[in-house]
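Below: one structure, written as structure tokens.
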Amino acid sequence: MDTGENIILEPDAGGTAVLIRTARARADLSQRQLAARAGTSQPAIARYESGRVEPDLSTLRRLLTACGFTLRLRVEPLDPDDLRRLREAVGARVEYRVESNRRATRLAAEAAGAWRDGRVRRLRDA
């Protein structure tokens, strides 16, 4: 079984589902074959590969070992530019939600005022 090069995934690359599918494909195994090697069932492999179920770390290691790979984890500091972009993205989402909330509140207040002033009639009164 030739597993080829290492499989390196970035955090946003699809997670463990992609990792398991890629390792299995590189090992040229069917889901049933991987399940037999890893001591689990084919439906469990399908759930992991679809992303419906997230395997725990020991299960992930077992599955990758059955495909001929070793799982190596590495913790690295965030690149300052990545950290800045992350903070901007999170901040932008918060600002967008706050502004959307303000607009909705303003529209609701205007609608309530129009209702009170009689500028809007109920459908059954029309």
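Rule-based calculations on the coordinates, nothing more; no lab input. Just so we're clear, the structure is a prediction, and the values are computed from it rather than from any experiment. Every residue, glycine as well, gets a Cβ built from its backbone with ideal geometry; the counts of neighbours run over all protein chains shown.
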What Kirkwood Rh does region 42-106 have if only Cα atoms enter the pairwise 1/r average? Answer in Å. 15.9 Å
Distance (nanometres) between label positions extended 7 Å along Cα→Cβ at Asp117 and Glu54: 5.1 nm
So what J values fall out for region 32-38 if you push phi through Karplus, 6.51 cos²θ - 1.76 cosθ + 1.60 with θ = phi - 60°, rounded to Hz, Gly and Pro as x? 5, 5, 4, 4, 5, 5, 8
Calc'd 3J(HN,Hα), region 71-77, phi into Karplus 6.51 cos²θ - 1.76 cosθ + 1.60 (θ = phi - 60°), Hz, glycine/Pro = x, comes to 8, 10, 9, 9, 9, 10, x
Distance in nm between label sites at Arg102 and Leu83, each 7 Å beyond Cα in the beta-carbon direction? 3.0 nm
Using a simple spin-label model with points 7 Å from Cα along the Cα→Cβ vector, what separation in nm is obtained for Glu95 and Ser41? 5.1 nm
For region 50-63, in order, what is each residue's ³J(HN,Hα) by Karplus, 6.51 cos²θ - 1.76 cosθ + 1.60 with θ = phi - 60°, in whole Hz (x at glycine and Pro)? 7, x, 5, 10, 9, x, 6, 4, 5, 5, 4, 4, 4, 5
